[in-house]
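Down below is the structure, laid out as structure tokens.
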Amino acid sequence: MKVSAQVPATIANLGCGFDCLGLALPVYNTVTIEETVLPGSGIEINILNDDNEEDNLSNIPRDKTNIVYKAIELLYNYIGQSPNELKISIKTGIPVARGMGSSASVIVGGLIAANELLGRPADTAVLLSIATEIEGHPDNIAPAILGGVVLSDWEDDGSVVTSKLPWPEDWMVTICIPDYELSTGISRSVLPKEVPMKDAVYNLRHCGMFVEAIHTKNEELMKLSLRDRLHQPYRTKLVPGLTQIMNELKHTDGVLGCVLAGAGPSVAVIQNGTKNEEIKEIVHSAWNNINVNAQIYTLPVVQEGAKIIL
Ligand code: HSE
């Protein structure tokens, strides 16, 4: 039997919501799991590009240290079993190490597909909890599973509590993807172990405002709420041009805010859909000046999360 799951890209943090806010975008990875019939054939992991060709260049592990395998193993352990003969194929449509949740998407894809293969022993709460344990934070995992814009909480007992927020349909995301990678590990390594109390309080109140801005569809409140003092100030040095882009977009009509996408290096511009070309031009020109090429797309937030496909 063979099962495939398609999972959206996600943008975590959204400025004020470090490690707890994220949204889903209509760009996808697909994970296919097949129980092989030959006993003893072990675990086989293939990475395929958009044209279904084997991608031999990526340095994604093909053995049991692969995060997709690790997630699937936890699911099998949850029902008292261990995976034996499995073929895992990962088809990548989401750029890797760009802040678009590619790792969360393959973890979730592997889990959803394996859960289907096993007859759905795990409910959404269990899948959220296993996926978050592997990823280390729930902000990409939750929207990858649920779609939309999600606020998530990871409790000490490992449970993940989520709330899907009613994102206005006409608020779009212009995702600006530079032509270089930045691993989450490196991007987290520049963060301090402790932050000043005033910065923690700053984010606390902006995160509250973010939720209120969505519920009331209030653009002025949203503009204020996307600000952050917990991670972006430390990461700007890893993303040349970010400060300039943020400053220039402050004065552009229709822009509600500009944030680092997840751990970067992509930049997400939250906007109301009225000035797509102007935004693209500003970002291209800022990065062109420092020889950074970028792909820029304006996308809606997708409300559907991971799903089984034929
Ligand atoms: N919240 C995470 C971070 C997202 O900013 O490090 C990246 O996976």
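Starting from the Cα-Cα distance between Asn59 and Asn288, subtract it from 0.36 nm times their residue separation and give me the gain in nm to one decimal.
Details: separation 229, 0.36 × 229 = 82.44 nm, distance 2.83 nm.
Extending this stretch completely gives an extra 79.6 nm.
Report the per residue volume, in Å³, of the convex hull enclosing the C-alpha atoms of region 121-160.
60
Between Asn46 and Lys193, how high is the FRET efficiency from 1/(1 + (r/R0)^6) when r is the Cβ-Cβ distance and R₀ = 30 Å? Nearest 0.05.
Computed FRET efficiency for Asn46 and Lys193 comes out at 0.15.
Using just the C-alpha positions of region 63-173 as equal point scatterers, what log10 of I(q)/I(0) does the Debye formula give at each q in 0.15 1/Å?
Log10 I(q)/I(0), no solvent term: -0.65.
Please compute the contact order of the chain in relative form: average sequence separation of alpha-carbon pairs under 8 Å and at least six residues apart, divided by the residue count, as a percent.
26
Mind putting a number on the dipole of region 136-269 about its Cα centre? Charges go on the C-beta only, +1 for Lys and Arg and -1 for Asp and Glu, and I need it in Debye to the nearest 20. Write down the numbers at each step before the final one.
Values: 12 positive and 17 negative charges, 87 e Å.
Taking the Cα centre of region 136-269 as origin, the dipole is about 420 debye.
Semi-axes of region 173-310's equivalent ellipsoid from the Cα gyration tensor, sqrt of 5 times each eigenvalue, largest first, rounded to whole Å?
Details: eigenvalues 96, 88, 64 Å².
Taking √(5λ) for each Cα gyration eigenvalue gives 22, 21, 18 Å.
For region 1-91, which GluC sites (Glu not before Pro) are both in a DSSP coil and crowded by at most 11 other Cβ atoms within 10 Å?
Of the GluC sites (Glu not before Pro), the ones in loops of region 1-91 whose Cβ has at most 11 other Cβ atoms within 10 Å are Glu53.
Between their Cα atoms, which of Lys193/Lys307; Lys87/Lys307; Lys237/Lys280 are more than 26 Å away from each other? Present the calculation step by step, with values, prior to reporting the outcome.
Values: Lys193/Lys307 37 Å; Lys87/Lys307 19 Å; Lys237/Lys280 22 Å.
As for pairs spanning more than 26 Å Cα to Cα, those are Lys193/Lys307.
May I ask you to list the residues of region 119-150 whose amide nitrogen lies under 16 Å from a point 7 Å from Cα along the Cα→beta-carbon direction of Asn77?
Once the point is set 7 Å along Cα→Cβ of Asn77, 126-136 turn out to lie under 16 Å by backbone N, inside region 119-150.
Determine the distance separating the Cα centre of region 163-233 from the Cα centre of region 57-125; give it in Å without decimals.
About 28 Å separates the Cα centre of region 163-233 from the one of region 57-125.
At 222 nm, what value in deg cm²/dmol follows for the chain if DSSP H runs of at least 4 each add -39500 (n - 2.57) and the sum is divided by all its residues, to the nearest 500?
Computed mean residue ellipticity for the chain: -10000 deg cm²/dmol.
Taking the Cα centre as origin and putting +1 on Lys and Arg beta-carbons and -1 on Asp and Glu beta-carbons, what dipole magnitude results for the chain, to the nearest 20 debye?
Roughly 580 debye, rounded to the nearest 20.
Take every DSSP beta bridge whose two residues both sit in the chain, then give the antiparallel share in percent to the nearest 5.
If we restrict to bridges inside the chain, about 90 percent are antiparallel.
Pick from Ala12, Ala97, Ala144: which is most flexible by mean-square fluctuation in a GNM of the chain where alpha carbon atoms under 10 Å apart are linked?
Residue with maximal mean-square fluctuation among Ala12, Ala97, Ala144: Ala97.
Give the shape of the chain as rounded, prolate or oblate, defined through the alpha-carbon gyration tensor: a ≥ b ≥ c are the square roots of its eigenvalues, a/c under 1.5 means rounded, and otherwise the shape is prolate if a/b is larger than b/c and oblate if not.
Note, shape of the chain comes out prolate.
None of the figures in this text is laboratory data; all of them are computed from the coordinates on show. On a predicted model such as this, the values are computed, not experimentally measured, just so you know. Note: ideal-geometry Cβ built from the backbone for every residue, glycine included; neighbour counts use all protein chains shown.
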